[in-house]
1. Kindly check whether there is at least one residue in the range 27-37 that is part of a loop (DSSP other than H, G, I, E, B), closer than 26 Å to Phe105 by Cα, among the hydroxyl-bearing types (Ser, Thr, Tyr) and not assigned by TED's automatic domain parsing to the domain that holds Phe105.
2. Which residues, counting only those in the range 59-72, are assigned to a helix (DSSP H, G or I) and not charged (D, E, K, R)?
3. Condition first: crowded, with 18+ Cβ neighbours inside 10 Å, of a type in the set (A, V, I, L, M, F, W, C) and at pLDDT below 90. Can you find one or more residues in the range 52-66 that meet it?
4. From the residues in the range 1-44 that are of a type in the set (Gly, Ala, Ser) and closer than 16 Å to Leu101 by Cβ, which one is surrounded by the most Cβ atoms within 10 Å (Cβ to Cβ)?
Amino acid sequence: MEKVFKLIGKKRFFIMLALALSGCVLITVAAIMGVSDNLPGILLCYAGIVSLIFAFIHHWRKSKGYVILLVSSIIGFIVFAILHNVLEAMGVEIIGAVFFLIALFVCPPAFFIGLVGTLITGSRK
């Protein structure tokens, strides 16, 4: 544990841990409530994903990381949507459903976080 504290610092570690745990709790509550045609469940799921993303990017101060997140979320959405369609056509429905959920629940929040982060850090210069 001391190596982790030396590597990233105690404060950053505990912020990351709190954000990750809150994201897991939000996603768990969303799964319990159900996300099928249930707006509060869907919003909780998105809030959990946003919290998990913030757990890893809360220390970014330059726009380069946010631009990479923005572009990779766009590319990821396209790739995961194509993989979903290909796997559904091949009959591998479970893995196709996982790719669909990633494209639906992970890529859009990552896109908006990357966009807002790019605009905010880009305007500081």
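The values are calculated or read from the model by the stated rules, or taken from the named source; none is laboratory data. Source: prediction; values computed, not measured. Cβ: placed from backbone, ideal geometry, glycine included. Neighbour counts: every protein chain shown.
1. yes
2. Ser63, Gly65, Tyr66, Val67, Ile68, Leu69, Leu70, Val71, Ser72
3. Among the residues of the range 52-66, not one is crowded, with 18+ Cβ neighbours inside 10 Å, of a type in the set (A, V, I, L, M, F, W, C) and at pLDDT below 90, which makes the answer no.
4. First, pick out the residues of the range 1-44 that are of a type in the set (Gly, Ala, Ser): 9, 18, 20, 22-23, 30-31, 34, 36, 41.
Still in the list and also closer than 16 Å to Leu101 by Cβ: 23, 30-31, 34, 36, 41.
Values: Gly23: 19, Ala30: 22, Ala31: 13, Gly34: 11, Ser36: 6, Gly41: 17.
Result: Ala30.
For every residue, the table says whether it meets (1) at pLDDT 95 or above; (2) buried (at least 18 other Cβ atoms within 10 Å of the Cβ); (3) in the same structural domain as Val50 (by TED's automatic domain parsing); (4) in a helix (DSSP H, G or I).
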{"site": "Ile74", "(1), (2), (3), (4)": "yes, no, no, yes"}
{"site": "Phe77", "(1), (2), (3), (4)": "yes, yes, no, yes"}
{"site": "Ile95", "(1), (2), (3), (4)": "no, no, no, yes"}
{"site": "Pro109", "(1), (2), (3), (4)": "yes, yes, no, yes"}
{"site": "Lys125", "(1), (2), (3), (4)": "no, no, no, no"}
